[in-house]
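Quick notes on the structure that follows.
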């Protein structure tokens, strides 16, 4: 009879990985003691996952921390400060590229190539400190509205209704 290998905590590898999914996506600052224990076991068993996780966290830290947002909440930085932010993040991003190149994670290398393609767009955030989230939300709302109508038969009337609802 087949008996699946169990880890230190008594779970099978598949169950353990399945139950670790959320914790891997969460910020380590928010992990409970139980989650820290789970991640220590996970990273012992799967060191390549630890490497990818560390690279993900390093990328996450390239952008704003809560402290930075609080400091700039009420004032827009001068253009020189914005350029300094942009240059610093750009330098840190290039250092991150070097770390990814040294890694053995093919998924992170693919992610790095995607980031490199859009590096200019990502760094432009530091010019105005505004994202396009509101535009994306509006687009999503319009697509949902179009779906509810099961397509568009009269385009001018559709635009009229969109303007009335979202305008």
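The values are calculated or read from the model by the stated rules, or taken from the named source; none is laboratory data. On a predicted model such as this, the values are computed, not experimentally measured, just so you know. Here the Cβ positions follow ideal geometry from the backbone for every residue, glycine too, while neighbour counts run over all protein chains shown.
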Report task. Quick one: residue 100 ticks every box in (1) in contact with a helix residue (DSSP H, G or I) (Cβ under 6 Å, 6 or more places away or on another chain); (2) modelled with pLDDT under 85; (3) within 30 Å of residue 23 (Cα to Cα) except a single one, so which number is it? Result -> (2)
Requested in this report: Return a yes/no flag: does region 44-52 have any residue that is under 21 Å from the mean Cα position of the chain (by Cα) and surrounded by fewer than 16 Cβ atoms within 10 Å (Cβ to Cβ).
Outcome: yes
**Report entry** Residues of region 129-148 satisfying the condition of being loosely packed, with under 13 Cβ neighbours inside 10 Å and either outside any helix (DSSP H, G or I) or touching a residue at least 40 places away in the same chain (Cβ under 8 Å) (or both)
**Finding:** 130, 131, 132
Query - Within region 20-43, tally of residues that are surrounded by 14 or more Cβ atoms within 10 Å (Cβ to Cβ) and either in a helix (DSSP H, G or I) or within 17 Å of the chain's Cα centre (by Cα) (or both) - result: 9
Query raised in the report: Any residue at all in region 71-87 that is in a helix (DSSP H, G or I), closer than 23 Å to residue 26 by Cβ and at pLDDT below 95?
Result: no
Report summary line: From the option list 102, 116, 109, single residue qualifying as without any contact (Cβ under 8 Å) to a residue 24 or more places away in the chain, in the same structural domain as residue 78 (by TED's automatic domain parsing) and surrounded by fewer than 10 Cβ atoms within 10 Å (Cβ to Cβ) is 102
